[in-house]
Amino acid sequence: MSNAKNSGIIRLILFGAVFLLLLTAASALSTPVKWFDDNRVQNRNARITEMMKQEPYTVDVLNMGDSLSLSSLTPMELWRQKGYTAFNIGADGIRMPEIYYTVLEAAEDQNVRYLLFETLPLFRYNDKQDMQMIISQPLYHRFTFLKYHSIWKPYIEGRGVKIYHKGYLINREVQEYEGDPDYMSEELGDVRTEIPDFNRTWFRKVKKFCDEKGIKLILYSDASPRNYNWTRVNNIAEFAKEEGVEYIDMNQHTDEIGINWKTDSNDRGDHMNLDGVIKMTTFFGDYFSREGILTDHRGDPDYSSWDEELTAYDKLVDEMEGISFYHVQKRIEKERKEEKEKAKEQ
Amino acid sequence: MAIYTNLYLLVFLPVVLIVYQLAPKKARWGVLLAASYALYISFSKYLVLLLMATSAFTWGIGLWLDKIGEACKAKQAECTDRKQKSEVKKEFQKKRVLALRVGVLVLLGILFYVNYLNFVIDNMNIFLGKIGTQLPLVKVMFPMGISFYTLEAVGYIADVYWERYPAEKHLGKLALFLSFFPQIMEGPIARYPDTSDALFAGEPLNMANLNEGFLRIIWGLFKKMVVSDRLSYLTTHLFGNYKDYHGSFIVLAAIAYTIQLYLEFSGSIDIVIGSGKLFGVTLPENFNQPFSAQSAAEFWRRWHMSLGNWFKNYVFYPITVSPMVKNWNKTARKKYGKYWSMVGTSAMALFPVWVATGVWHGAGWKYLFYGMYYFVILLFGVAMEPIKEKNYAKMGLDPNARWLKILRILKTWVIIFTGELFFNAVNLKAGFHMFFSIFGNFHISSLWKYWPNAITTGDVWAICVGSVIVWIVGFLKESGVDVRGKILNARTPYKWGVYYLIIFAILLFGAYGTGYQPVDLIYAGF
């Protein structure tokens, strides 16, 4: 090999090494915990950031999935009823590679006993987006600078508003589901009903991680006429059997849970509002009680912050009768704008 | 796997570079061809067969033309006098025209079938519906880049017909020219001699090319990810909900879309040209500071230059020298004078060019209108040119005065923004609705009163700062400062410093990551 060639290769390696060094340094400076106090993290990453701020070894249950999972469990209600600590770590429209790395990050410093996995993301697949994620997600996981790169925005736009309570976003809007109560026999339209191989592979990675950490993985389908029917549910049941994972289909337990489709949905049968979520949470709480693995932490001084958060949560719930948090957020933003304008005038 | 994705930039491109370098020199063109087909399959799956068939067909037509030419020469050699030779030439010319027609018609026929047939059926059905009948639409899969490689193939056949260069004997070489992976999605539309030698040479990678290519790629990413992608959230919202907004927002939408389109298209062309450069292949430029243009005609000489050149070479010039136009010129000069003959000739040559330019962008009335819009403006420019010169002289104005230049640039901007408003409107009706709302319903204050949630203040900052940086670099280039050359020739620490600065600007201010919807390339859909 000629000297010129050697020198070229050395330069390329050196350039790459310096880049990695700079990226590592930037990542060390942009760790989410460092920034979260000021609500500097953007909404999508806010849940996982808050999760990583929890005291080590205090979270019993992680609830993962897309928006359906986020409207299936309210951790503060679980705390009130049973004293179990849970956290919603999902995100809207989440895809399997993101799920895997989010679980990895959330469970890192915790002694999690259950991972509740809402099943809708198992059907979500787009080769264009998901193939990109195979590369981007491990990079985001390794280099937090990439994941939290929009951290500069709140410095221009102002601080965010704390909207999550252990990952749950209060929504008390009521929009009745007017469809067939026996919706499981209905067709869902042009949606995927088979679980793609890509998602099966990534699910197995999640399961492997859970097995290694001693976490019980439970697949569940949220009660949702807009998203589930027998075809989908049967395919998940078969998949769960193949994988040796427990599967709970809430759609088959709506009477037992007490779902009232006139009052419990905020968007005509797609997602649950707070009333529906409380009922679902009670169902999960009873399930955990029956299993007898989790401890009731109420009264434990190490968990006193949960009581404080419950008080704040209850106050907000009272304020939000009939509305969703988006209304509150808009109101807060409007108030801030008015304050700013007043200050300018003065 | 689009050229701006991490899969392309972090996996595909490095792997192809390594395999290319490790392969023996003679096999390197094969590596590029295999990579090109692999990338194509990632978009269009089995439609790669159509690309292969197009390559084989184009190659066959080229050989046929060559064969006719050789046969003609052989027969002419047997001739004893000029008259005989001329007759032989005439006889073979007919065959050559036949070969050309077959080649062009088949290639354009496929393009018509894929892109325009359903548009024609849709419009026919409007009339057929009145007599109670309907034609069924045809199910068509869209082969990525068909509008680009078809024009290259037609250009190749025409050039061989005009004997600008001999037909390529090597099928693989022609196939690589038509499918070269960086340019298959968005061009630039190259002519065969532009790239064929470099593609086939198999020269080893070298640091100069790697540096140049790398700088070009990261600059393109900066334009797309920092500015264009953020703007797309705003323009998608405004164009999609145009009825909800006052004229001031429509003006904003037109300006924002023009900037978005320019930075996205020129940015992706930077990535394309940069990718080619890594392998030592110099692709033709597609942009040359189009917003410095002082007229619509100049704008089109600086914007999507490879498409403009293609139409100039294969539509405009052939029509200008066609017997029909020559006859008109002759007759009109006598009958109406030099001026009207010139205007008429320009109209005859410009009209097909702008019909074609319009519909090349897509099957829809708005695209046809877009073409006609520029046809009218350019023809008006041609017609006004002598009058303008006279007026300058009469008024004692220096046409090169700075303030006049600025005025002309601003006038050109208005023309461009208006054109892009129609170009990106949902349809032609929506385009007119948006256009007229500017005049009837313009409230500048609504800009800050009703700013949409589609983008935030942070996004606006990133867009403004990013645009200013791109504008400064463009301004320096227009003023004769070779910024890229200066960076590439700088000492390594400075050069690397600039690289890292651009990369970290993209990583920090770019619109990417979970929660950001990836923005598809606009021209990849044509």
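Within the stretch A:141-152, the set of residues being surrounded by fewer than 17 Cβ atoms within 10 Å (Cβ to Cβ) and of a type in the set (D, E, K, R) comprises A:ARG142 only. Only a single item in (1) over 26 Å from B:LEU17 (Cα atoms); (2) within 17 Å of the chain's Cα centre (by Cα) is not met by B:LEU283, and it is number (1).
Residues B:ASP66, B:ASP81: which one is touching a Pro at 6+ places or on another chain (Cβ under 7 Å) and more than 25 Å from B:VAL359 (Cα to Cα)? Reasoning before the result, please.
Details: B:ASP81 fails: touching a Pro at 6+ places or on another chain (Cβ under 7 Å).
So the residue among B:ASP66, B:ASP81 that is touching a Pro at 6+ places or on another chain (Cβ under 7 Å) and more than 25 Å from B:VAL359 (Cα to Cα) is B:ASP66.
Within the stretch A:119-140, at least one residue is away from every other protein chain (no Cβ under 14 Å), modelled with pLDDT of 90 or more, buried (at least 18 other Cβ atoms within 10 Å of the Cβ) and under 30 Å from A:THR295 (Cα atoms).
Filter the stretch B:298-343 down to residues that are among the small types (Gly, Ala, Ser) and assigned to a loop (DSSP other than H, G, I, E, B), then give me how many there are.
Taking the stretch B:298-343 as the starting set, the residues that turn out to be among the small types (Gly, Ala, Ser) are B:306, B:308, B:322, B:332, B:337, B:341.
With the extra rule that they be assigned to a loop (DSSP other than H, G, I, E, B), the set shrinks to B:322, B:337.
Of the residues in that region, 2 qualify.
Scanning the stretch B:304-338 for residues that are surrounded by 14 or more Cβ atoms within 10 Å (Cβ to Cβ), among the hydrophobic types (A, V, I, L, M, F, W, C) and free of Cβ contacts under 8 Å to residues at least 40 places away in the same chain yields a total of 5.
Identification of helices (runs of 4 or more DSSP H) wholly contained in the stretch A:39-108 with 1 or more residues that are crowded, with 22+ Cβ neighbours inside 10 Å and either within 10 Å of the chain's Cα centre (by Cα) or not assigned by TED's automatic domain parsing to the domain that holds A:LYS166 (or both) yields A:43-52, A:67-70, A:96-107. Considering the stretch B:137-152, and only residues there that are under 18 Å from B:SER36 (Cα atoms) and more than 15 Å from the chain's Cα centre (by Cα), the residue that is surrounded by the fewest Cβ atoms within 10 Å (Cβ to Cβ) turns out to be B:PHE142. Set side by side, the residues A:TYR155, A:TYR164 differ, and just one is more than 27 Å from B:PHE12 (Cα to Cα), exposed (fewer than 14 other Cβ atoms within 10 Å of the Cβ) and either within 14 Å of another protein chain (Cβ to nearest Cβ) or of a type in the set (Ser, Thr, Tyr) (or both), which is A:TYR155.
Residues B:GLY358, B:GLY381, B:GLY364: which one is within 30 Å of B:GLU420 (Cβ to Cβ), without any contact (Cβ under 8 Å) to a residue 60 or more places away in the chain and not acidic (Asp, Glu)? Reasoning before the result, please.
Details: B:GLY381 fails: without any contact (Cβ under 8 Å) to a residue 60 or more places away in the chain; B:GLY364 fails: without any contact (Cβ under 8 Å) to a residue 60 or more places away in the chain.
One residue alone meets the criteria, B:GLY358.
Is it fair to say B:LYS243 is of a type in the set (Lys, Arg), in the same structural domain as B:ILE469 (by TED's automatic domain parsing) and over 27 Å from B:TRP496 (Cβ atoms)?
Numbers: of a type in the set (Lys, Arg): yes; in the same structural domain as B:ILE469 (by TED's automatic domain parsing): yes; over 27 Å from B:TRP496 (Cβ atoms): yes.
It is true that B:LYS243 is of a type in the set (Lys, Arg), in the same structural domain as B:ILE469 (by TED's automatic domain parsing) and over 27 Å from B:TRP496 (Cβ atoms).
Yes/no matrix, rows are residues, columns are (1) closer than 19 Å to A:ARG113 by Cα; (2) outside the structural domain of A:GLY179 (by TED's automatic domain parsing); (3) buried (at least 17 other Cβ atoms within 10 Å of the Cβ); (4) without any contact (Cβ under 8 Å) to a residue 24 or more places away in the chain:
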site	(1), (2), (3), (4)
A:PHE198	no, no, yes, no
A:ARG204	yes, no, no, no
A:LYS207	yes, no, yes, no
A:ASN229	no, no, yes, no
A:ASN234	no, no, no, yes
A:GLY258	no, no, no, yes
A:HIS271	no, no, yes, no
A:THR282	yes, no, no, no
A:ARG290	yes, no, no, yes
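Summed over the stretch B:280-303, residues that are out of contact with any Gly (no Cβ under 8 Å at 6 or more places or on another chain) and closer than 20 Å to B:SER266 by Cβ total 12.
Looking at B:ILE259, B:ILE217, B:ILE250, can you tell me which residue is of a type in the set (A, V, I, L, M), within 30 Å of B:ALA490 (Cα to Cα) and either outside the structural domain of B:TRP451 (by TED's automatic domain parsing) or part of a helix (DSSP H, G or I) (or both)? After applying the criteria, what remains is B:ILE217.
Considering only residues that are basic (Lys, Arg) and more than 14 Å from chain B (Cβ to nearest Cβ), which ones fall in the stretch A:40-86? A:LYS53, A:ARG80, A:LYS82 - these are the residues of the stretch A:40-86 that are basic (Lys, Arg) and more than 14 Å from chain B (Cβ to nearest Cβ).
To keep it simple, each residue is scored yes or no on (1) more than 12 Å from chain A (Cβ to nearest Cβ); (2) under 28 Å from B:LEU100 (Cα atoms); (3) small (Gly, Ala, Ser).
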| residue | (1), (2), (3) |
| --- | --- |
| B:LEU9 | no, no, no |
| B:GLY30 | yes, no, yes |
| B:LEU39 | yes, no, no |
| B:MET52 | yes, yes, no |
| B:SER55 | yes, yes, yes |
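Which members of the stretch B:216-241 meet the condition of being over 21 Å from the mean Cα position of the chain (by Cα) and among the charged types (D, E, K, R)? Of everything in the stretch B:216-241, just one residue is over 21 Å from the mean Cα position of the chain (by Cα) and among the charged types (D, E, K, R), namely B:ARG230.
Conditions tested, residue by residue: (1) within 14 Å of another protein chain (Cβ to nearest Cβ); (2) without any contact (Cβ under 8 Å) to a residue 40 or more places away in the chain; (3) crowded, with 18+ Cβ neighbours inside 10 Å; (4) farther than 26 Å from B:TYR314 by Cβ.
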{"position": "B:LEU17", "(1), (2), (3), (4)": "yes, no, yes, yes"}
{"position": "B:ALA34", "(1), (2), (3), (4)": "no, yes, no, yes"}
{"position": "B:CYS79", "(1), (2), (3), (4)": "no, yes, no, yes"}
{"position": "B:LYS85", "(1), (2), (3), (4)": "no, yes, no, yes"}
{"position": "B:LEU107", "(1), (2), (3), (4)": "no, no, yes, no"}
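Filtering the stretch B:265-297 to residues that are part of a loop (DSSP other than H, G, I, E, B) and acidic (Asp, Glu) leaves only B:GLU285.
Where helices (runs of 4 or more DSSP H) sit wholly within the stretch B:401-477, those with at least 2 residues that are within 14 Å of chain A (Cβ to nearest Cβ) occupy B:446-449.
Tell me the residue from B:LEU135, B:LEU199 that is of a type outside the set (Phe, Trp, Tyr), assigned by TED's automatic domain parsing to the domain that holds B:TRP64 and assigned to a loop (DSSP other than H, G, I, E, B), please. Steps first, answer last, please.
Numbers: B:LEU199 fails: assigned to a loop (DSSP other than H, G, I, E, B).
Going through B:LEU135, B:LEU199 in turn, the sole match is B:LEU135.
Inspection of the stretch B:484-493 finds a residue satisfying the criterion of being surrounded by 18 or more Cβ atoms within 10 Å (Cβ to Cβ), away from chain A (no Cβ under 14 Å) and either out of contact with any Asp or Glu (no Cβ under 8 Å at 6 or more places or on another chain) or part of a helix (DSSP H, G or I) (or both).
The values are calculated or read from the model by the stated rules, or taken from the named source; none is laboratory data. As the structure is a prediction and not an experimental result, all values here were calculated from the model. Counting neighbours? That spans all protein chains shown, and the Cβs are built from the backbone with ideal geometry, glycine included.
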